[in-house]
């Protein structure tokens, strides 16, 4: 495997004892963006392996994900990652009940690599193929470490490509309550990080720097959509940060990067938490979950925890390694789709803008 690609074994987060393949053994594949991942999940809850090949070191040089490079690296990694996932789970393809794969949304070139690999395995082994929606995978990541979490509940899905408030009515049955009208929260984090010279990936760097700043130093705007109280807009705050920094530079006035990071982060978290809690109350839920890469943000976790405690809500979120793109979450989501009778043919195609 390429030396610039780091491989993470994420199975320890589930503290699995033994390698029981169970009654339904799922091989899952995820390649929607810049992580190539394969996992083996038994009975929708036991993660026997979860291998992730990350490309962050490569794309860091360009300040963000380059789609063409990402797809080429997926081609290099997909077979070794699948083999490693099978080996670590101590199973072979003969033990696999079905193969599940992310087929959208995401970068079309990246998605094609995963879907082609999954279709090839399904064809050769004559086993069912199940396409999985990427956001459904993020939501399902919560079931891995929280076996007590069962639908219905309200979930905030917040990542580099998605910001949604989702009513989880049942396994695989969703109702979108709110969505972003422009940038996703994670995209805004990356762009603001670039503006203040932190580089890529922006989310973890802003989270770290914000701890040194004053979150009340700068009054950045909170986007509001008239007539859509649960929807989000982050383009305004992104522009506000850029204008603030440019104004300081034009006036030759210094600014505190930590204060900018903290104030920006506070504004984003304020709307994420406020609207999620408002939706949960409005729809009568006392269980709230979070998922997606931005759910790793320490300040977001603390703010959501405080708000849920104040309302008497139960809060659930995955470990950081299960918040980012990984195949274990696709395996869990795919298991529930499989049990509902969902099957896809070998004509399954990658859908970059797959609706949810």
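Rule-based calculations on the coordinates, nothing more; no lab input. It should be emphasised that the depicted structure is a prediction, and the values quoted were computed from it without experimental measurement. With ideal geometry, Cβ positions are generated from the backbone for all residues, glycine too; neighbour counts draw on all protein chains shown.
Please compute the Kirkwood hydrodynamic radius of the stretch 236-356 from all pairs of different C-alpha atoms, in Å with one decimal.
Radius from the Kirkwood sum: 17.9 Å.
Antiparallel as a % of all DSSP beta bridges within the chain, to the nearest 5?
If I count the DSSP bridges inside the chain, around 65 percent turn out antiparallel.
Compute the normalised compactness of the stretch 151-317: alpha-carbon radius of gyration over 2.2 N^0.38 Å, N being the residue count.
So the stretch 151-317 has a normalised radius of gyration of 1.04.
On a C-alpha basis, how far is the centre of the stretch 104-129 from the centre of the stretch 197-223 in Å? Whole number, if you could?
About 38 Å separates the Cα centre of the stretch 104-129 from the one of the stretch 197-223.
How tilted is helix 235-250 with respect to the longest principal axis of the chain? Cα atoms for both, answer in degrees (0 to 90, nearest 10).
Helix 235-250 sits at roughly 50 degrees to that axis.
In Å and whole numbers, how far do the C-alpha atoms of the chain stretch along each principal axis, longest first?
Largest first, the chain extends 66, 47, 36 Å along its Cα principal axes.
Test of understanding: what is the full-extension gain from residue 149 to residue 270, defined as 0.36 nm times their sequence separation minus their Cα-Cα distance?
The span from residue 149 to residue 270 would gain 41.0 nm if fully extended.
Once you have a ≥ b ≥ c as the square roots of the Cα gyration tensor eigenvalues for the stretch 32-153, tell me rounded if a/c is under 1.5, and otherwise prolate or oblate according to whether a/b is larger than b/c.
Oblate, because a/c is 1.5 or more while a/b does not exceed b/c.
Distance between the C-alpha centers of the stretch 285-356 and the stretch 58-93? Whole Å please.
The stretch 285-356 and the stretch 58-93 have Cα centres spaced 21 Å from each other.
Between residue 57 and residue 278, 0.36 nm times their residue separation minus their Cα-Cα distance comes to what?
75.7 nm
Grab the DSSP H runs of the chain that are 4 residues or longer, score each as -39,500 (n - 2.57), total them, divide by all residues and round the 222 nm result to the nearest 500 deg cm²/dmol.
Counting only the DSSP helices, I get -13500 deg cm²/dmol.
Tilt of helix 185-195 relative to the longest C-alpha principal axis of the chain, in degrees (0 to 90, nearest 10)?
On a 0 to 90 degree scale, this one is about 50.
Percent antiparallel among DSSP beta bridges with both residues in the stretch 151-317, to the nearest 5?
60 percent
Stretched out fully, how many nm does the piece from residue 340 to residue 314 gain, at 0.36 nm a residue minus the Cα gap?
The residue 340-residue 314 span can extend by a further 6.6 nm.
Mind sorting 195, 324 by how few other Cβ atoms lie within 10 Å of their own Cβ, fewest first?
Fewest-to-most Cβ neighbours within 10 Å comes out as 195, 324.
Where in the stretch 262-287 does the label zone of residue 175 land, with the point 7 angstrom along Cα→C-beta and an amide N cut-off under 16 Å?
278-287
Bin width 10 Å, origin at 0, all Cα-Cα pairs of the stretch 204-295: what percent of pairs per bin?
15, 40, 30, 12, 3, 0
For the stretch 181-220, take N as its residue count and report Rg(C-alpha) divided by 2.2 N^0.38 Å.
Scaled against compact globular proteins, the figure is 1.18.
How tilted is helix 134-145 with respect to the longest principal axis of the chain? Cα atoms for both, answer in degrees (0 to 90, nearest 10).
With both axes taken from Cα atoms, the answer is about 80 degrees.
Once label points are set 7 Å from the Cα along Cα→Cβ at both residue 95 and residue 217, what is their separation, rounded to one decimal in nm?
Label-label distance for residue 95 and residue 217, simple model: 5.3 nm.
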